[in-house]
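Take a look at the structure below.
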Amino acid sequence: MSGPNNFVQLLLLISCCNVAVLFFQADATFEFENDSFNNDNNNHTGVWFEMLHRHSPKLKSESEFLGPPKSRLDGMSQLFHSDMARRQMIASLRQGKRRKAFEVSQTAQIPLRSGADSGLGQYFVSIRIGTPRPQKFILITDTGSDLTWMNCEYLCKDCPKPNPHPGRVFRAKDSSSFRTIPCSSDDCKIELQDYFSLTECPTPNAPCKFDYRYLNGPNAVGVFANETVTVGLHSHMKVRLFDVLIGCTESYSEGSGFPDGVMGLGYRKHSLALRLAEIFGNKFSYCLVDHLSSSKHKNFLSFGDVPEMKMPKMQYTELLLGYLNAFYPVNVSGISVGGSMLNISSEIWNVTGEGGMIIDSGTSLTLLAGEAYDRVVDALKPVIARYTKVVPPELPDLNDLCFEDEEFDKATIPRLLIHFADGAIFKPPVKSYIIDVAPGIKCVGIARADFPGSSILGNIMQQNHFWEYDLGRGKLGFGPSSCVTSDSNSKQH
């Protein structure tokens with residue numbers, strides 16, 4: 001955006017007394033009052049969110065569709081059905097079908113996108129939007145989405161309510177910082193076309209509207225605006241980020257169970273991740289604990305330094321930024337099982353061709369395309385064949401790969417390793433690919449994806465690891481971690 005969006009203005013609200021105003025520009029240092037905010041004393045700054053898995057008891061009060069499932073098998077079924085919808089979305093983006101021909105109503109046909117898949121996503125954070133009294137929302141974090149949006153009330157008087165909880169609809173009239181994007185602006189006519197902006201412009205200052213219809217029928221209507229987003233620093237101060245592009249979704253035709261909105265972490269200009277990363281070291285990171293464990297350790301999303309965390313021994317591999325929409329592709333060279341490299345065509349991993357692998361927080365299972373899946377399953381089947389086969393009807397993607405785990409010995413399972421072209425090797429623990437789906441039942445936690453198409457490293461296989469997205473260097477860092485930080489007992493922002 002032009003004007004104020006050429007810089008980031010930060011208002012640090014220090015918890016007990018002083019208030020300071022900071023201005024950030026690409027070539028500037030940070031300053032507030034009589035102090036400096038440069039690299040010498042920036043070691044303890046950054047933004048920290050607790051990430052709540054959709055099955056977390058803390059989300060039970062947010063929606064009947066969130067919180068602990070009726071059973072472990074029911075919970076896994078929910079995750080896998082969400083994966084199916086997300087897989088369709090990613091495949092549609094890859095095939096260039098995201099932007100369909102407009103109908104007479106100028107409504108675009110697009111996939112049910114990311115956090116909204118089947119009405120639900122996987123990991124949620126608390127965030128506050130607007131001024132002078134920021135309104136709290138529970139948003140889905142999504143490395144595949146670049147636009148941050150929430151259910152909203154602005155112009156529409158008789159639209160279907162987008163959310164059954166009145167406290168979860170952003171009321172634009174209550175925010176003094178809410179400014180719509182004019183429909184006559186280049187932002188609306190050019191930049192926001194990727195977000196399905198409409199050409200309708202009755203007056204030059206009328207708000208830029210979007211109207212899109214998901215592939216499975218429901219549609220969403222709203223306006224684009226710039227708003228102020230408030231998040232917390234590690235030091236328990238608050239930071240306000242001005243002129244963040246948001247989607248104000250006024251009407252969604254299938255409101256039941258639909259989330260408050262999505263926090264866009266994808267790699268694109270208007271992503272909230274990029275805006276925050278520019279301020280705090282040009283990187284963000286997260287750590288996911290095993291969501292089935294009884295551990296009190298917390299998932300977290302962090303921008304900048306991670307507070308007093310014992311950093312794991314990190315490996316780094318190249319992020320192929322900008323190659324595949326807003327996603328984060330990596331350069332895989334192959335997969336080995338039990339020390340033997342599998343015979344998989346290099347085209348399966350070619351991001352610039354018809355393959356490649358992406359790191360995705362919104363997909364639960366790891367998906368392998370075409371022959372990559374076939375080779376991995378062929379390598380694991382002789383081992384799991386020792387156990388009694390089970391066919392859970394709730395898990396159609398895995399029904400040939402499930403077994404009773406009586407007398408299961410993980411030492412018999414060959415180690416699966418993902419090899420990157422620059423020499424880094426990801427070594428997930430056995431429990432991340434031989435997963436518990438119900439008491440007494442385990443499955444190979446890998447599903448098939450079509451080729452041509454992308455393979456996806458899902459969040460179950462990412463668990464118990466620290467992941468660092470170094471956008472400045474174009475690197476993805478990873479290392480085993482228990483996800484313990486000094487902020488683990490901090491309250492939500």
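Okay, here's what the table says:
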| read-out | value |
| --- | --- |
| Wholly enclosed strands (runs of 3 or more DSSP E) of segment 81-162 bearing at least 2 residues at pLDDT 75 or above and open to solvent by less than 30 Å² (accessible area, probe 1.4 Å) | 123-129, 135-142, 148-153 |
| Hits in segment 425-437 - residues which are open to solvent by 10 Å² or more (accessible area, probe 1.4 Å) and either farther than 18 Å from residue 383 by Cβ or of a type in the set (Ser, Thr, Tyr) (or both) | 425 |
| Elements of type strands (runs of 3 or more DSSP E) contained in segment 372-445, each with 1 or more residues being acidic (Asp, Glu) | 402-404, 434-438 |
| Residue match in segment 399-411 (condition: polar (S, T, N, Q), without any contact (Cβ under 8 Å) to a residue 12 or more places away in the chain and under 24 Å from residue 143 (Cα atoms)) | no |
| Residue pairs meeting the criteria (Cβ under 6 Å; at least 6 apart or on separate chains; first outside any helix (DSSP H, G or I) and of a type in the set (D, E, K, R), in segment 164-185; second open to solvent by 80 Å² or more (accessible area, probe 1.4 Å) and modelled with pLDDT under 95) | none |
| Qualifying residue in segment 352-368 (condition: open to solvent by 10 Å² or more (accessible area, probe 1.4 Å), in contact with a Phe, Trp or Tyr (Cβ under 9 Å, 6 or more places away or on another chain) and outside any loop (DSSP other than H, G, I, E, B)) | no |
| Any pair with Cβ under 6 angstrom, 6 or more apart, that starts in segment 449-473 at a residue that is open to solvent by 20 Å² or more (accessible area, probe 1.4 Å) and ends at one that is of a type in the set (A, V, I, L, M) and assigned to a strand (DSSP E or B) | 451/369 |
| Members of segment 314-351 that are under 20 Å from residue 373 (Cα atoms), among the hydroxyl-bearing types (Ser, Thr, Tyr) and open to solvent by 50 Å² or more (accessible area, probe 1.4 Å) | 333, 340, 346 |
| Complete set of residues in segment 384-418 that are surrounded by fewer than 16 Cβ atoms within 10 Å (Cβ to Cβ) and aliphatic (A, V, I, L, M) | 385, 391, 411 |
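The values are calculated or read from the model by the stated rules, or taken from the named source; none is laboratory data. Quick caveat, the model's predicted, so the values are computed rather than measured. Positions of Cβ are backbone-derived with ideal geometry, glycine not excepted, and every protein chain shown enters the neighbour counts. Ligands, DNA and RNA are excluded from the accessible area calculation, which covers all protein heavy atoms including side chains. Shrake-Rupley method; radii C 1.70, N 1.55, O 1.52, S 1.80 Å.
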